[in-house]
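Since every read-out is calculated from the coordinates, none of them should be taken as a lab result. Keep in mind it's a predicted model, so treat the numbers as computed, not measured. Here the Cβ positions follow ideal geometry from the backbone for every residue, glycine too, while neighbour counts run over all protein chains shown.
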Amino acid sequence: MTRGFFVGRFQPFHDGHREVVEHVAEEVDELVLGIGSADVSHTVHDPFTAGERVVMVTKAVDDVDVPTYVVPIEDIDRNALWVSHIESMAPAFDVAYSNNPLVARLFREADIEVRNPPMFDRDRFEGTGIRHQMLVGDEWVDHVPDAVVDVVEEVDGVERIRTVAEDDGGDRWEAEEE
Ligand code: NAP
């Protein structure tokens, strides 16, 4: 039995993430999805809470072929302990999926196999772009699963992004997204 682990901030979970999940599901028997930066919300970079993202992701993958568990993972201030921190929170896993060089290195140093998930239609499916589309009123619903639209509407997420962007001041959007 092989259990895979895929971590992302999922701000928000979009159709590219969903494609990665489908790809990974073909290689593993079970999948753990880590909601990274679970302690962060209400900023332009990370607008949605861990709980909101748990609902988004859980509903968006409920028809995936393998059992899938969604686990919030808070950031910690010591990279060297981050994999142990994940292992203390998540079901045990055999292989981690990430394209993030730091994330991959931390897993490899912990003797965990790392595989690189493919990128899917990165021009359309990219968290920063989708958050910006929400901010300025451009079309974004076609880029995310229906379950994500439901959560964003339920929590008035578009207005939240506009409010925190205003609160941050105009320049902050640019700074946080760099
Ligand atoms: P992320 O911040 O969610 O994503 C980083 C970038 O990679 C984003 O632009 C993301 O796009 C993109 N990306 C993710 N998966 C992709 C894929 N399959 N194809 C193309 N692009 C992809 O970072 P992450 O590596 O996915 O997740 C890392 C999480 O671990 C973060 O929450 C981070 O804070 C946490 N972490 C914590 C520690 C610590 O606490 N010490 C250490 C390391 C990592 P989208 O924006 O479109 O998703």
Name the pairs: first residue in segment 122-137 and closer than 18 Å to residue 151 by Cα and small (Gly, Ala, Ser), second residue part of a helix (DSSP H, G or I) and within 11 Å of the ligand (Cβ to nearest atom), Cβ to Cβ under 9 Å, at least 6 apart or on different chains?
127/16; 127/17
When residue 65 is evaluated against the numbered criteria (1) part of a loop (DSSP other than H, G, I, E, B); (2) charged (D, E, K, R); (3) near the ligand (Cβ under 9 Å from one of its atoms), which criterion, by number, is the only one it fails?
(3)
When you go through (1) assigned to a loop (DSSP other than H, G, I, E, B); (2) touching a Lys or Arg at 6+ places or on another chain (Cβ under 8 Å) one by one for residue 96, which number turns out not to apply?
(1)
Filter result (in contact (Cβ under 8 Å) with a residue 24 or more places away in the chain and within 13 Å of the ligand (Cβ to nearest atom)) within segment 92-112:
96, 97, 98, 103, 106, 107, 109, 110
On the basis of being without any contact (Cβ under 8 Å) to a residue 24 or more places away in the chain, surrounded by fewer than 14 Cβ atoms within 10 Å (Cβ to Cβ) and of a type outside the set (S, T, N, Q), does residue 39 make the cut?
no
Whether any residue in segment 134-150 is of a type in the set (Gly, Ala, Ser), under 16 Å from the mean Cα position of the chain (by Cα) and assigned to a loop (DSSP other than H, G, I, E, B) is what I want to check.
no
Some residue of segment 23-34 being near the ligand (Cβ under 10 Å from one of its atoms) and more than 20 Å from residue 128 (Cα to Cα)
yes
